[in-house]
Amino acid sequence: MPALGQPSPRRRPMPDDFSRVALGRTYKQLQAHYGVGEPAIRRWMRESGLYVGRRELPAIVTELAKTMCLREIADAIHWKHSTLRERLAAEMPEVHRLAVMVGREKHYQKMIAAAKVRKENSERHPRIVEKRKPAARGPRYNYTPSRATVGTEQAMPKTTADLAMRFLQRFAPCYPRRVFDARYNGYIFKMRPGVLTADEIVAEAEKRGWRVDSWGVAA
């Protein structure tokens, strides 16, 4: 253990040229120059008498803000960007606003220049777009109208009575009994009880206005 009042043997002593090199340089620049950490630089600043606490904003900041943004001003005066932004916003708001406007204008000009370059490149090397062929279509299917599959043959109209049966279907359910079994004859008309014969189903249809022409087609 070192004696009281003696520096620790692990601490690197302050270089002889520190007072001269430290002028006008930031902590990060001094750390890179001497290869030490920030605590050592702060200790050397106190030992050399260069540390004066809170640094004042340079007077040249007002002139720099007319043509530079905040980051450019910070690099010019060797300040941290975040520190300069906070100090300017609190102590010199007008200068801060001017530097922000300059930064936005420069960013806008960069965007315009980049768009111009892209346009020139596109005109110099136009993009070749091949015309796409239409997608191949699959086979087309002709679907027949759906109909009942049970008793289809028996339900198709075959005689004059069947045509009359079709006419009566607009009034109530009417169908031939052969729909269910080919062994049965007659017709069922829900508006009349019982089983109707072919003549009775034709008479019922004629009573309701149905007529058949000489070709056997319902008029």
Whole-angstrom Cα spans of the range 153-207 along principal axes, big to small: 28, 21, 18
Describe numerically, in nm with one decimal, the distance between label points set 7 Å from Cα along Cα→Cβ at Arg12 and at Asp75. 2.7
Using a simple spin-label model with points 7 Å from Cα along the Cα→Cβ vector, what separation in nm is obtained for Tyr184 and Phe171? 2.1
For the pairs Lys80/Lys116; Lys80/Lys106; Lys66/Lys110, flag any whose C-alpha to C-alpha distance is greater than 29 Å. Lys80/Lys116
Ranking His33, His125 by Cβ neighbours within 10 Å, fewest first, what do you get? His125, His33
Would you mind computing, in nm to one decimal, how far apart the modelled labels at Ala32 and Arg124 are, each placed 7 Å from Cα along Cα→Cβ? 3.4
Per-residue HN-Hα couplings for the range 171-178, Karplus 6.51 cos²θ - 1.76 cosθ + 1.60 at θ = phi - 60°, whole Hz, x for Gly and Pro? 9, 6, x, 9, 7, x, 5, 5
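Laboratory data are not the source of any read-out in this text; all were calculated from the coordinates shown. Source: prediction; values computed, not measured. Every residue, glycine among them, receives a Cβ derived from its backbone with ideal geometry; neighbour counts consider all protein chains shown.
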